[in-house]
Amino acid sequence: MAGLLFGTGGTPHSAKSPSTIGGIERIAELGLGCMEVEFVQGVRMGEAGARLVRETVIKTSVKLSAHGPYFINLNAREPEKIRASQDRILQTARIASICGAESITFHAAFYLGDPPEKAYNMVKKYLKEIMEQLERENNRVWVRPEIMGKSSQFGTIEEILNLSSELERVAPCLDFAHWHARDGKSNSYQEFASVLEQVEQKLGRVALDNMHIHVSGIYYGKKGELKHLNLKESDFQYAELIKALRDYDARGIVICESPNLEEDALLLQATYNALKT
Ligand SMILES: [Zn+2]
């Protein structure tokens, strides 16, 4: 894939139909390049529906990814909650794969007051089981735990990069707005560049060639993320981020999760294209 593709988290507002297929068609009409299917309230798409989505993906060449359900915690106290979380990730990967998606993302866990190392070991153990199951199913989707925006949530850059280096076919979903919201820092060219350097150091150039990025405006407090905003209503330095991504020749998909979806996705894309020589 040459360069970065831009798109929306969910069907664009201006789509004729709110369906996934309507969304993909609208992405293509707008001249955007990718879309994330939001299974955040549960994976409600069946296999037959997923096969129809795949046809639209092939017809339009829009790159697809999927976001798993919010109700996931691989560090839950109760074994049945962990099993349910694993099933939700597996189900996301199965339907995403039929849809023709290359990549899924999800919110891996909450610390629940545990030391981060303890939570890390739990997440790694249960994610490893998921990856082994997908391997048995010959499912080749990239599984990407997301960088999270609240201090109560598992998912620092270090944690996600370590998981990615330790587990096969696990890679980061770099949510730069979340990373900024976590402590109010990480909002400058230097800091964005330093994240990209960490990615390259830990995972190699191949990781910069195969990125899954989330961007949005964001509002945050002492404990991190409070809500997503449109880029121009927030303090997020998106133009600096785009410049860093361009300078490091990052490739892959950039999913915009601002409330105005395609408006900010187009803004990010235009900012990126203006830097291209
Ligand atoms: Zn997310």
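The values are calculated or read from the model by the stated rules, or taken from the named source; none is laboratory data. Note that the structure is predicted; figures quoted are calculated from it, not measured. With ideal geometry, Cβ positions are generated from the backbone for all residues, glycine too; neighbour counts draw on all protein chains shown. Note: areas computed on protein heavy atoms with side chains; ligands, DNA, RNA excluded. Shrake-Rupley method; radii C 1.70, N 1.55, O 1.52, S 1.80 Å.
Assorted remarks:
- Within region 127-148, residues that are free of Cβ contacts under 8 Å to residues at least 60 places away in the same chain and farther than 16 Å from H107 by Cβ sit with their Cβ atoms under 9 Å from residues that are part of a helix (DSSP H, G or I) and among the basic types (K, R), at 6+ positions apart or across chains, in these pairs: L134/R94; E137/R94; N139/R94; V141/R94.
- K150, sole failed condition from (1) open to solvent by less than 70 Å² (accessible area, probe 1.4 Å); (2) within 28 Å of I95 (Cβ to Cβ): (1)
- Region 101-117, subset under 16 Å from the mean Cα position of the chain (by Cα) and not hydrophobic (A, V, I, L, M, F, W, C), residue farthest from V37 (Cα to Cα): H107
- Within region 173-200, the set of residues being under 13 Å from Y220 (Cβ atoms), assigned to a loop (DSSP other than H, G, I, E, B) and at pLDDT 95 or above comprises S186, N187.
- Spans of helices (runs of 4 or more DSSP H) in region 1-104 with at least 2 residues open to solvent by less than 10 Å² (accessible area, probe 1.4 Å) and within 16 Å of the ligand (Cβ to nearest atom): 79-99
- Residue within region 230-241 that is within 30 Å of L90 (Cβ to Cβ), modelled with pLDDT of 95 or more and not charged (D, E, K, R) present: no
- Test: residue in region 202-219 that is acidic (D, E) and surrounded by 16 or more Cβ atoms within 10 Å (Cβ to Cβ): no
- Selection status of F192, under 20 Å from L275 (Cα atoms), within 16 Å of the ligand (Cβ to nearest atom), among the hydrophobic types (A, V, I, L, M, F, W, C) and buried (at least 21 other Cβ atoms within 10 Å of the Cβ): no
- Being among the acidic types (D, E) and not in a helix (DSSP H, G or I) is a property that D114 has.
- Summed over region 120-172, the residues that are in a helix (DSSP H, G or I) and within 21 Å of V215 (Cβ to Cβ) give a count of 6.
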